[in-house]
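**Student:** Sharing a structure with you now.
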Amino acid sequence: MKFGMMFSDISRALFRRPATQKYPYVRQHNPARLRSFLKWNQQACTGCGLCAMDCPANAIHVTILDRKEKRFVFGYRPDQCLFCGQCVESCRQGSLSMVNDNWELAALDKKPFSVYFGETDDITKVLAGEPASGPETPEKA
Amino acid sequence: MNTEEILTLATGIVSSWDWATESSRPNPKQLDVKVKSLDELVPIIVALRVKRLGYLSAIVCLDLGPEANELEVLYHFCPGDAVIALRVRVPRAGASLPSLCEIIPGAEVFERELQEMFGIQMIGLNTPDRLYLPDDWPDGIYPMRKDFDPKALFAN
Amino acid sequence: MATNKEPERFTISIGPQHPALKEPGSFQFTVDGEIVTKAYVRLGYAHRGIEKAAEQRNWIQDLYLLERVCGICSHIHATAYCLAVEELAHVEAPPRAQAIRVLVAELERIHSHFLWIGVSAHEAGFDTLFMYSWRDRETVMDLLERLTGNRVNYSANVLGGVKCDIDAEQTTAILDGLNFLEERARHYFDVLTNDSMFLQRTRGIAVMSRNQAEVMGAIGPTARASNVARDVRIESPYAAYTQYPIKMALDTRGDLEARFVVRVNELFESFRLIRQILATLPEGELTARMPRRVPAGEVVKRVEAPRGELYYFIKSNGTDKPERLKVRTPTICNMTSVIKLAVGHQLADVPMILAGIDPCFSCNDRTVELTDTDRKTSNIMTWEELRRYGIKFYEARK
Amino acid sequence: MNTILPLLSLAIFPGGLTLLAGGLAYEWADRKLLALFQNRVGPRWFQPLADTVKLLAKEEIIPDRANKFLFTSLPLIALAGGLTAALYVPLAGLRPAYGFSGDLIVTLYLLSLLTLCMGLAGTNTLDRFSMIGATRTLTQVFSYEAPFLLALLIPAVTAGSWQIGEIATYAQSHWLVVLQPVGFVVALVGLMGKLEMTPFDAPEAHTEIAAGALTEYSGRGLAFFRLAKAVELVVGLTLVAAIYLGGVSNPLWFLVKTLALLLTLAGIQALLTRLRIDQTVGLWWRYGTILVLLQWLVLILIRRI
């Protein structure tokens, strides 16, 4: 039955820097496998939409303009995304991968959180609401 | 006791009610017992408990759909590696089951969930009030049934 | 004293929002002075209807829904679900994937037990131990982030196998982390069992006999602290626990201190197991082919979560959505016993008793609520009474 | 002219404002040291000030069944008690602003007045948590008050006077911590009981009874109670430092000694677990009182031969 067992800890702590990480000022380095943002490789994609079907958070929406010339618009909602990496697993062509860069999931409005990958004019066409030629992946309820 | 001995012992116990039960072995680790008459359920469970096979893991209710018009309740006892499943079928409308909370205090928890989510009336449950649905949830609406549609909540 | 007339009994509600509870759960203790005379728990505040939601998602999406039943034991929920669905689909995950699943499960157990040491110390008012144990817990979370890519919901599992592989560099990182954690765990074991001030709050409090534990259905470390030898990893080994058997941490005293001792011994067991897995990791690929439509059938799967036995029941009807999915989490079973134990103790001990079973309300809130009413017959039956009850029942039926 | 100087010294220098600022600074030092012991960063230097200003600005909600007059006046009495206790104590190393023989007893009871106000505030608000908190506060007062007072009376007897000023001058020549170590330990631990620091913070154990007696307080009332506790911290530290640690002749000595005392208090806080209220009472009546009486016995024997 000893007394004050944590004495060794608190005396050592007197001469050590606090363990708290000062987050916004000191950024911790991201480990290689951190799943922080989705990357889409247009050449490898075939527009099959398997990733959109398997995404638990319905964060992916693929619009197919032309399969042969690989003209797709890959809609991605990072604020809905769970960063689980299931789309990377489900994609048989290996066109999706997760990068570990640093970005803030915080913004003043929703606009930065609807990201579109693809050719710029395709994106403007899709955003303008023009019906795409190919079949769209079903919009889930 | 290894799994095989447990299952043979359990089959022996259940066989003394063979006129009211029908047991089968779907896989090497599980013994399924279809209990035909309700009032044999509690004695079988007591018998299992007395032989120390009565560790009740969970009570599950399956809605077999509006056309079959039946609910199936599974009592899963899991001594060691074996699983002993007692199956009871109850009609969807006005279903009622004997409560086990006299024998297994822990079962009170599972029965409350059943009563609230599937509408099976538990006879003898010592605290029948609501489990985890909010207090203002309208009576008579059972969310876990297949034919539950959320709009019914806002009807009244 | 404040009230010298007959102290009127009033109910202290450690309500849905209370500093002692990290998650919403409402406990009402009728107090006579400082002594608890009646306990009543009402949960369901974090109920999200997960079982109903699971029936509307396909098998792959359900995996990530079920990972969010509980924040601390997300991997074990995913593992139980994957094992159950693989058994339905008659698919066997490759041995390397099973071993990695067990490794991440043990890392998660270390993470959960370190978190629990901190939370209980905080309930007892020993904030230094709380600060230090949560500082050391960062090490295991960094290991998990480096290995699987996320600190909390690791999503290491995928139907049919595992996503992340372990290479030499990962192994050295894990081994270094483990050495530091083991040294810290040894120090905390010493503090928890020898610090006289802390022992005043844990030794001899909320003693649960073995018989009481069995009848009330306590499971996991809380039951093992009362000498109930029941651990799913030993009784019915799943995943790679057949190749990597473990020793059960048991204690006979059954009081709060015993629960600390059992959990920290489990930590040492986890350290040994992880080192053994890393040394003999089987070769092979990480995933097996999984059909999108799981053939019809039923399966019962039981795994050992950090808090006790976690039970999964899945019925499939051949489509790509499950017909019925039932999750019974460990904290439910322990809730019955904690309420019975709280009666008769000081109010000041109640947060410690609640923390003793390591309650995880979000796990819990899928099911329980329980009332301890003043009934004539006490509703805890000893084995003897049960035996007599059974015999009486027989005669009545003849 | 002669009325302005004491008025100034009362309101500005050793009295009101500096004392409040000093109290907040010491509270910050206490929290910062505790954080240092627990290997974390701890609050910014002006955090207690920011808390007080925020609380003063916040709306004060008075529970309807509570007695309105009592609810608003209790924090003021507590703060007044703390501030008047500071009159007799050699703050900042200067001579006490006012002194009469027997003011040691008056200071201690002014400090206990503060704790009694907290107890009354707890019972007045009729909230369950504050009722339990109030009972615990009052039980704790009755447990540490006697040994703490006895521990402070021994030096008074050796110094031959019950006036803090004289005891302080006497103490400057003899280091009583060496002569009466047991008395020093009991006084130090009694000070922790009075300030409700960790081993004895059952009355406001937030994991059991939210904020204890002050659960229903918000806005101005809470700000005044917090200020009163900060002042009590300073007064308590100076009292024990002045009597036991060889007096506080000049401001530098005052700072060094009080901060040294604060360091030991923070260390003990970091080291120990919170005791249940029955354990604290048991500890005080069993060990605290016997130790102090032992010290008295030793003192009487020395005086006799």
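**Student:** Do you know which of the residues in region C:141-181 that are of a type in the set (S, T, Y) and buried (at least 24 other Cβ atoms within 10 Å of the Cβ) is nearest to A:V99 (Cα to Cα)?
**Tutor:** Of everything passing the filter in region C:141-181, C:T148 is nearest to A:V99 (Cα to Cα).
**Student:** Could you tell me which residue of region D:52-70 is nearest to D:E27 (Cα to Cα), considering only residues that are assigned to a helix (DSSP H, G or I) and not basic (K, R)? Before you say what the answer is, go through the steps one by one.
**Tutor:** The initial filter retains those residues of region D:52-70 that are assigned to a helix (DSSP H, G or I), namely D:52-57, D:68-70.
From what's left, not basic (K, R): D:52-53, D:55-57, D:69-70.
Numbers: D:T52: 12, D:V53: 15, D:L55: 16, D:L56: 18, D:A57: 20, D:F69: 29, D:L70: 27 Å.
So, considering only residues that are assigned to a helix (DSSP H, G or I) and not basic (K, R), the one nearest to D:E27 (Cα to Cα) is D:T52.
**Student:** Residue check: is C:V91 over 21 Å from A:T20 (Cα atoms), outside any helix (DSSP H, G or I) and among the aliphatic types (A, V, I, L, M)? Please lay out each step first, then the result.
**Tutor:** Details: over 21 Å from A:T20 (Cα atoms): yes; outside any helix (DSSP H, G or I): yes; among the aliphatic types (A, V, I, L, M): yes.
It is true that C:V91 is over 21 Å from A:T20 (Cα atoms), outside any helix (DSSP H, G or I) and among the aliphatic types (A, V, I, L, M).
**Student:** Can I ask one more? Sort out which residues of region C:287-308 are outside any strand (DSSP E or B) and out of contact with any Asp or Glu (no Cβ under 6 Å at 6 or more places or on another chain), and write them in order of number.
**Tutor:** Here is the first cut: in region C:287-308, the ones outside any strand (DSSP E or B) are C:288-296, C:306-307.
The answer is C:A288, C:R289, C:M290, C:P291, C:V294, C:P295, C:A296, C:P306.
**Student:** Having 2 or more residues that are among the polar types (S, T, N, Q) and either farther than 30 Å from C:N334 by Cα or within 12 Å of another protein chain (Cβ to nearest Cβ) (or both) is the bar; report the helices (runs of 4 or more DSSP H) wholly within region B:1-83 that clear it.
**Tutor:** Answer list for region B:1-83: B:3-15.
**Student:** Take the residues in region B:118-127 that are in contact with a strand residue (DSSP E or B) (Cβ under 7 Å, 6 or more places away or on another chain) and more than 7 Å from every other protein chain (Cβ to nearest Cβ); name whichever of them is nearest to C:R48 (Cα to Cα).
**Tutor:** First, the residues of region B:118-127 that are in contact with a strand residue (DSSP E or B) (Cβ under 7 Å, 6 or more places away or on another chain): B:118, B:120-124, B:127.
From what is left, the residues that are more than 7 Å from every other protein chain (Cβ to nearest Cβ) are B:118, B:120-124.
On the way: B:F118: 17, B:I120: 22, B:Q121: 24, B:M122: 24, B:I123: 28, B:G124: 29 Å.
Among those that are in contact with a strand residue (DSSP E or B) (Cβ under 7 Å, 6 or more places away or on another chain) and more than 7 Å from every other protein chain (Cβ to nearest Cβ), it is B:F118.
**Student:** Output the residues belonging to region D:212-232 that are within 20 Å of D:R136 (Cβ to Cβ) and either assigned to a helix (DSSP H, G or I) or in contact with a helix residue (DSSP H, G or I) (Cβ under 6 Å, 6 or more places away or on another chain) (or both). Show your work before the answer.
**Tutor:** Applying the first criterion (within 20 Å of D:R136 (Cβ to Cβ)) to region D:212-232 yields D:212-217, D:221-222, D:225-226, D:228-229, D:232.
Residues satisfying the conditions are D:G212, D:A213, D:L214, D:T215, D:E216, D:G221, D:L222, D:F225, D:R226, D:A228, D:K229, D:E232.
**Student:** Is it the case that some residue within region D:151-158 is crowded, with 23+ Cβ neighbours inside 10 Å and assigned to a loop (DSSP other than H, G, I, E, B)?
**Tutor:** In the first step, residues of region D:151-158 are kept if they are crowded, with 23+ Cβ neighbours inside 10 Å; the result is D:151-152, D:154-155.
Checking the rest, the ones that are also assigned to a loop (DSSP other than H, G, I, E, B) come to none.
No, the conditions are met nowhere in region D:151-158.
**Student:** On the given criteria, is D:E204 at negative phi, under 21 Å from the mean Cα position of the chain (by Cα) and within 13 Å of chain C (Cβ to nearest Cβ)? Working first, answer last.
**Tutor:** Values: at negative phi: yes; under 21 Å from the mean Cα position of the chain (by Cα): yes; within 13 Å of chain C (Cβ to nearest Cβ): yes.
Yes; evaluated as a whole, the condition is true for this residue.
**Student:** What's the total number of residues in region B:41-74 that are among the acidic types (D, E) and surrounded by 19 or more Cβ atoms within 10 Å (Cβ to Cβ)? So that I can check it myself, show each step before the final result.
**Tutor:** Restricting attention to region B:41-74, the residues satisfying the condition of being among the acidic types (D, E) are B:63, B:67, B:70, B:72.
Retained after the next criterion (residues that are surrounded by 19 or more Cβ atoms within 10 Å (Cβ to Cβ)): B:63.
Result for region B:41-74: 1.
**Student:** Inside region C:309-353, can you point out the residues that are within 30 Å of D:F200 (Cα to Cα) and either at the interface with chain B (Cβ under 10 Å from one of its Cβ atoms) or in a helix (DSSP H, G or I) (or both)?
**Tutor:** Within region C:309-353, the subset within 30 Å of D:F200 (Cα to Cα) is C:338-353.
C:V338, C:I339, C:K340, C:L341, C:A342, C:L347, C:A348, C:D349, C:V350, C:P351, C:M352, C:I353, listed by residue number.
**Student:** Restricting the search to region A:1-19, which residues are in a loop (DSSP other than H, G, I, E, B) and within 9 Å of chain C (Cβ to nearest Cβ)? It would help to see each step written out before you state the result.
**Tutor:** First pass over region A:1-19, keeping only residues in a loop (DSSP other than H, G, I, E, B): A:1, A:3-6, A:15-19.
A:M1, A:F3, A:G4, A:M5, A:M6, A:A19 - these are the residues of region A:1-19 that are in a loop (DSSP other than H, G, I, E, B) and within 9 Å of chain C (Cβ to nearest Cβ).
**Student:** For D:I300, which of the numbered conditions (1) more than 14 Å from chain C (Cβ to nearest Cβ); (2) surrounded by 13 or more Cβ atoms within 10 Å (Cβ to Cβ) fails to hold?
**Tutor:** (2)
Per-residue answers, yes or no, for (1) at pLDDT 90 or above; (2) closer than 27 Å to C:E92 by Cβ; (3) not small (G, A, S):
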{"position": "C:H122", "(1), (2), (3)": "no, no, yes"}
{"position": "C:F126", "(1), (2), (3)": "no, no, yes"}
{"position": "C:E145", "(1), (2), (3)": "yes, no, yes"}
{"position": "C:R151", "(1), (2), (3)": "no, no, yes"}
{"position": "C:S155", "(1), (2), (3)": "no, yes, no"}
{"position": "C:K163", "(1), (2), (3)": "yes, yes, yes"}
{"position": "C:T172", "(1), (2), (3)": "yes, no, yes"}
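Each row is one residue, and each column tells you yes or no for (1) within 13 Å of another protein chain (Cβ to nearest Cβ); (2) on the phi > 0 side of the Ramachandran plot; (3) surrounded by 12 or more Cβ atoms within 10 Å (Cβ to Cβ).
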position	(1), (2), (3)
A:Q86	yes, no, yes
A:E89	yes, no, yes
A:M98	yes, no, yes
A:D101	no, no, no
A:E104	no, no, no
A:L108	no, no, no
A:P112	no, no, yes
A:E119	no, no, yes
A:D122	no, no, yes
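**Student:** Among the numbered criteria (1) surrounded by 15 or more Cβ atoms within 10 Å (Cβ to Cβ); (2) touching a residue at least 24 places away in the same chain (Cβ under 8 Å); (3) under 16 Å from the mean Cα position of the chain (by Cα), which single criterion is violated by A:D79?
**Tutor:** Looking at each condition in turn, A:D79 falls short on (1).
**Student:** Which number in (1) within 12 Å of another protein chain (Cβ to nearest Cβ); (2) of a type in the set (V, I, T); (3) part of a loop (DSSP other than H, G, I, E, B) marks the one condition that A:T46 misses?
**Tutor:** (1)
**Student:** Can you tell me which residue is surrounded by the fewest Cβ atoms within 10 Å (Cβ to Cβ) among those in region A:20-43 that are within 14 Å of chain D (Cβ to nearest Cβ) and aromatic (F, W, Y)?
**Tutor:** A:Y25
**Student:** So, B:E102, is that one surrounded by fewer than 23 Cβ atoms within 10 Å (Cβ to Cβ) and either within 26 Å of C:I339 (Cβ to Cβ) or within 9 Å of chain C (Cβ to nearest Cβ) (or both) or not?
**Tutor:** Working: surrounded by fewer than 23 Cβ atoms within 10 Å (Cβ to Cβ): yes; either within 26 Å of C:I339 (Cβ to Cβ) or within 9 Å of chain C (Cβ to nearest Cβ) (or both): yes.
Taking the combined requirement at face value, the residue satisfies it.
**Student:** Looking at region D:162-208, which of its residues are part of a helix (DSSP H, G or I), among the small types (G, A, S) and closer than 30 Å to C:S13 by Cβ?
**Tutor:** Pass one, region D:162-208, residues part of a helix (DSSP H, G or I): D:164-173, D:176-179, D:181-194, D:198-200, D:202-204, D:206-208.
Still in the list and also among the small types (G, A, S): D:165, D:168, D:171, D:173, D:183, D:187, D:190, D:193, D:202.
Scanning region D:162-208 gives D:G193, D:A202.
The values are calculated or read from the model by the stated rules, or taken from the named source; none is laboratory data. The model shown is predicted, which means the values in this text are computed figures rather than measured ones. Here Cβ is always computed from backbone atoms with ideal geometry, including for glycine, and neighbour counts include all displayed protein chains.
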